[in-house]
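J.: Attaching a single structure in structure tokens format; questions to follow.
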Amino acid sequence: MVEPILSVEKLDVSFSTFEGLAHVLSKVTFKINHKEVFALVGETGCGKTVTALSIIKLLPRNSYVQGRIIFNGRNILELKESDMVEVRGKSMAMILQDPSSSLNPMFKVGEQLCDAITSNDPNIKEPKRYALELLSKVGFKDTERVFNSYPNELSGGMQQRVAISISLTGKPTLLIADEPTTALDVLTQAQIIQLLKQVRDTYSTSVLLITHNLGLVATLCDRVGIMYFGQVVEIGPTYDLFYNTKHPYTKGLLQSLPYNKLKNQTLPTIPGDLPSPLSPPSGCRFYPRCPRSNESCSKDVPEILPITDKHYVACFNPLSGDE
Amino acid sequence: MASFKTYLIKRIILALVVIYFVITITFILSHVVPSDPAELYVGPKATAEQREKAIKELGLNQPIYIQYLRYFQNLVNGDLGKSLRAHTPVLHDILTYLPATLEIVVLANIVALIVGVAFGSYSALKKDMLADHLIRIVSVGGVSIPSFWFALITQLVFFGILGIFPLDSRLSSDIQLFNPIHTITGFYTIDALITGNIVALVDSVRHIILPAFVLATYPIGLVTRMVRSMMVEVLNENYIRFAKANGFKDNLIYYKYALKNALTPALMALGLSFAYSITGAFLVEVIFSWPGLGTYTVNAILENDYPAILGVTIFGTIFYVFINLFLDILQAYLDPRVRLQ
């Protein structure tokens, strides 16, 4: 079996806050294979971005991290900052949610791109030529003009393309895309998704896509992990996960999609609110809101276990196929 | 670009309006103050005849609006009137006293810029560590220590106890006698350098250090605090996280990408403190017997020398307004967001 590019094992992250320790991630476990697009899906505040920042080691200083993150055979969490500098941008890169704030407003696009190029590969003799080449790869026709523009002279979609071109300067093997289309309109979203697909194919890059857009997941991703409140509750191939849902939370999430709504019928929601990370519920974190919970759910934490060959679920009472 | 031009034109018009009102207000104020300019002009022992003559010479026998208009007319021709006490043209006085002030103020602000930026950015990078706390204490001290007190203390320490720097004035008297500086620019250090007068150069540098240091304490504190807080803010920006995540070199991130963003407001603050010190440095000037514009202004106020007060006020206003204008242009040059709005 081929080794996965990235393997996150039992990742715990907590933050010390004024009100106490906030347990944000609990035993997050998943893998990303070579040339795969893997999506982490979950509602706002469930720990998707924290997971991404743990992988690229840019969490704020008040964080405590436990577990293992194996990337290209090395445990990221044991690397020193000086070694991490050699990983970021070179074999792992990241694009952020809001393209308008990803680029420094004080410097021209070209200058930022060239600085990224010289930072990530000092051997490149003509950074400008490489920069123009990258800009045309992410779909710009008028590369010279974009090169000489300031970020705020470009539209959101163009800014995100530039950000993607910067993330590609070191030809990374893993690209983390943290809600790359959330701030964009639907048409631009489609273009960015198309671009990410193209990047995956031309650079053989694996992509960790963080999103709450299930439509995006369906069009782009090979496998999906569903996160709820700091835990990965279900992982499976996209089709399986959509049509053979095992976890009650995933089911609730899919049911609350607007296109399921029939005429004059209210949109189904998951009852209850998110608990506080300062005092997470014991046992399964979803049990207080779960329609299928029983006694054992409040006592033990369900581990994420395979239900079929590729489909994993962390639940004591998973749904069976026909429900 | 066109919108920036209109913005600039608006700013210039606004500056002219400000200058006009300052001139008018200072003119009115100087004429409602209960004093007799003619008597000041001729001195206490003058005859009534001499006094009459002075009234005519100063135009005081004319209605106030004529005096006002004439004042403007003269102003346009670069004539700020004559000092009541010394009977010398005010503009000439200002230009004589200005270089002494500019010399310490420019030096103090250059020092403040270098030290402030270095301290401020270092402090931000070491946020919440020991170095940061020390720098913050020093910078709060810098902005809050009264300059006259600090000036006296430096005199006590560096002249009184250590004896390494002279007490006051721009040049020692023996140097002035035997190695006089040939005035070209009015900046003693520069003049001594140009004329190759090494003895005087060393002496003038030794004289300038203490007053410039005292004058620099406030802007050092100001710039340090400004750069630190801006830098801390900028380092939390998404584009810094993005640059880090995509492998930009640390030096590039801190000293290019973050510092340029943090520098602009610090430069603005420094510019204002610079313009303020032109006449606001008088406490330091008086203590160090520094023959600068501040000393000149204070003397003019004490002696009710209204053409001199008016002259300095107008000069100061114009200076301030143009520094501001310059800062706006500088900001637009540094920050494309301002330029492209």
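The values are calculated or read from the model by the stated rules, or taken from the named source; none is laboratory data. Quantities reported herein were computed from a predicted structural model and do not represent experimental measurements. Every residue, glycine among them, receives a Cβ derived from its backbone with ideal geometry; neighbour counts consider all protein chains shown. For accessibility, only protein heavy atoms count, side chains too; no ligands or nucleic acids. Shrake-Rupley method; radii C 1.70, N 1.55, O 1.52, S 1.80 Å.
J.: Along the Cα-to-C-beta direction of residue A:148, a point sits 7 Å from the Cα; which residues of region A:93-130 have their amide N less than 19 Å from that point?
T.: A:106-115, A:127-130
J.: What are the extents of the Cα atoms of the protein assembly as shown along their three principal axes, listed from largest to smallest and rounded to whole Å?
T.: Here the Cα extents, ordered largest to smallest, are 120, 61, 55 Å.
J.: Got a sec? Which residues in region A:51-77 would a label at residue B:130 touch, if it sits 7 Å along Cα→Cβ and we count backbone N under 20 Å?
T.: Hits in region A:51-77 for residue B:130 at 20 Å: none.
J.: While we're on this one: Determine the calculated [θ] at 222 nm for chain A from helices alone, applying -39500 (n - 2.57) to every DSSP H run no shorter than 4 residues and normalising by the residue count; nearest 500 deg cm²/dmol.
T.: Roughly -9000 deg cm²/dmol at 222 nm, from the helical runs in chain A.
J.: Then there's this: Taking the alpha-carbon set of region B:94-303, what are its Rg and Dmax in Å?
T.: 20.0, 66
J.: Sorted by packing (mean other beta-carbon atoms within 10 Å per residue), highest first, where do B:246-254, B:77-85 land?
T.: Taking the mean over residues of other Cβ atoms within 10 Å, the ranking is B:246-254, B:77-85.
J.: Counting only protein heavy atoms, what percent of the accessible surface of chain A is carbon or sulfur at a 1.4 Å probe?
T.: Ligands and nucleic acids excluded, carbon and sulfur reach 52 percent.
J.: Do any chymotrypsin sites (Phe, Trp or Tyr not before Pro) in region A:1-100 lie in a loop, going by DSSP, with at most 13 other beta-carbon atoms within 10 Å of their beta carbon, and if so which? Spell out each step's value before the answer.
T.: Working: sites: A:15, A:18, A:30, A:38, A:64, A:71; in loops: A:18.
Here the sparse-neighbourhood loop sites are A:18.
J.: Separate question: Which whole-angstrom value gives the distance between the alpha carbon centres of region B:288-334 and region A:138-199?
T.: Measuring centre to centre over Cα atoms gives 52 Å.
J.: Extending each Cα 7 Å along its Cβ direction at residue B:138 and residue B:24, get the distance between those two points in nm, one decimal.
T.: Result for the modelled spin labels: 4.9 nm.
J.: Further question on the same structure: Which residues among region A:178-196 fall inside the zone where the amide N is under 15 Å from a point 7 Å beyond the Cα of residue A:35, along Cα→Cβ?
T.: none
J.: Between residue B:53 and residue B:32, what's the calculated FRET efficiency when r is the beta-carbon distance and R0 is 22 Å? Round to 0.05.
T.: Plugging the Cβ-Cβ distance into 1/(1 + (r/R0)^6) gives 0.35.
J.: I'd like to know which of A:209, A:165, A:4 lies farthest towards the positive end of the charge dipole of chain A, counting +1 on Cβ of Lys and Arg and -1 on Cβ of Asp and Glu.
T.: Towards the positive end, the residue furthest out is A:165.
J.: Further, regarding this structure: Work out the mean other chain Cβ neighbour count within 10 Å for the residues of B:247-259 and drop it here as an integer. Let's see the in-between values first.
T.: On the way: counts 20, 12, 8, 4, 1, 5, 3, 0, 0, 5, 6, 2, 0.
Neighbouring Cβ atoms belonging to other protein chains average 5 per residue here.
J.: Let me ask something additional. Where q = 0.16, 0.21, 0.22, 0.25 Å⁻¹, what log10 of I(q)/I(0) comes from the Debye formula for region B:89-174, counting one point per Cα?
T.: The calculated log intensity ratios at q = 0.16, 0.21, 0.22, 0.25 Å⁻¹ are -0.90, -1.13, -1.16, -1.20.
J.: Note down the nm distance, to one decimal, between modelled labels 7 Å out along Cα→Cβ at residue B:3 and at residue B:178.
T.: 6.7
J.: Roughly what % antiparallel, to the nearest 5, for the DSSP beta bridges in chain A?
T.: 60
J.: Pull out the extension gain between residue B:194 and residue B:70, defined as 0.36 nm times the separation in residues minus the alpha carbon to alpha carbon distance; nm, one decimal.
T.: Working: separation 124, 0.36 × 124 = 44.64 nm, distance 4.16 nm.
Extra length available between residue B:194 and residue B:70 comes to 40.5 nm.
J.: Can you give me the pair-distance distribution of region A:1-141, C-alpha pairs, 5 Å bins, whole percents?
T.: Spelled out per bin, shortest first, that is 2, 8, 14, 18, 18, 16, 13, 8, 4, 1, 0.
J.: Quantify how strongly other chains surround peptide A:103-115 by giving the mean number of their Cβ atoms within 10 Å of each of its Cβ atoms.
T.: The shielding value for this peptide is 5.
J.: For chain A, with a Gaussian network of springs between Cα atoms less than 10 Å apart, report the residue from A:252, A:225, A:42 with the top mean-square fluctuation.
T.: A:252
J.: Taking amide H atoms as placed 1.01 Å from N in the peptide plane, list the residues 5 or more away in sequence, or in a different chain, whose amide H sits under 5 Å from that of residue A:37.
T.: Long-range HN contacts for residue A:37: A:207, A:222, A:223.
J.: Averaged over A:163-173, how many beta carbons belonging to a partner chain fall within 10 Å of each residue's beta carbon?
T.: Details: counts 3, 0, 0, 6, 4, 1, 3, 2, 0, 2, 0.
Counting Cβ atoms of other protein chains within 10 Å of each residue's Cβ and averaging gives 2.
J.: Of A:161, A:74, which has the most accessible area and how do the rest follow, probe 1.4 Å?
T.: A:74, A:161
J.: Report the calculated FRET efficiency for residue B:118 and residue A:219 (r = Cβ-Cβ distance, R0 = 56 Å), to the nearest 0.05.
T.: Efficiency, from the Cβ-Cβ distance: 0.60.
J.: Please work out the Cα center distance from region B:243-261 to region A:284-323, rounded to the nearest Å.
T.: Computed from Cα coordinates, the inter-centre distance equals 45 Å.
J.: For region B:148-153, what does the Karplus curve 6.51 cos²θ - 1.76 cosθ + 1.60, with θ = phi - 60°, yield as ³J(HN,Hα) per residue in whole Hz, taken in order and with x for Gly and Pro?
T.: Each residue of region B:148-153 in turn: 5, 5, 5, 4, 4, 5 Hz.
J.: How much length, in nm to one decimal, is gained on full extension between residue B:337 and residue B:318, taken as 0.36 nm per residue of separation minus their Cα-Cα distance? Walk me through the numbers before you get to the answer.
T.: On the way: separation 19, 0.36 × 19 = 6.84 nm, distance 2.78 nm.
The span from residue B:337 to residue B:318 would gain 4.1 nm if fully extended.
J.: If the only charges are +1 at each Lys and Arg Cβ and -1 at each Asp and Glu Cβ, what is the size of the charge dipole of region B:138-261 around the Cα centre, to the nearest 20 debye?
T.: 640
J.: For chain A, state what percent of all Cα-Cα pairs lands in each successive 20 Å bin, counting from 0 Å until the bin that includes the largest distance.
T.: 30, 56, 14, 0
J.: Given R₀ = 30 Å, FRET efficiency for residue B:167-residue B:268 by Cβ-Cβ distance, to 0.05?
T.: 0.25
J.: A follow-up question, please. Given C-alpha coordinates of region B:186-276, what is the ratio Rg to Rh with the Kirkwood estimate of Rh?
T.: Computed over Cα atoms, the ratio is 1.22.
J.: Mean-square fluctuation check for chain A, GNM, Cα pairs under 10 Å: which of A:143, A:202, A:29 is largest?
T.: Among A:143, A:202, A:29, the largest mean-square fluctuation in the Gaussian network model of chain A belongs to A:202.
J.: How big is the gap, in Å, between the Cα center of region B:117-167 and the Cα center of region B:61-102?
T.: 40
J.: Then there's this: Averaged per residue, what accessible area in Å² does the protein assembly as shown show with a 1.4 Å probe, protein chains only? Don't skip to the answer; put the middle values down first.
T.: Working: 32440 Å² over 664 residues.
Result: 49 Å² per residue.
J.: Which of B:255, B:296, B:276 ends up with the largest GNM mean-square fluctuation for chain B, with Cα atoms connected below 10 Å?
T.: Comparing B:255, B:296, B:276 in the GNM, the peak value goes to B:255.
J.: Quick one: work out the % antiparallel among DSSP beta bridges in the protein assembly as shown, nearest 5.
T.: Once the DSSP bridges in the protein assembly as shown are tallied, antiparallel ones form about 60 percent.
J.: Provide the packing ranking of A:289-295, A:271-277, A:240-246, i.e. peptides ordered by the mean count of other C-beta atoms within 10 Å per residue, highest first. Mind dumping the intermediate values first?
T.: Working: A:289-295: 14.9, A:271-277: 12.9, A:240-246: 19.4.
Put in order of decreasing packing, that is A:240-246, A:289-295, A:271-277.
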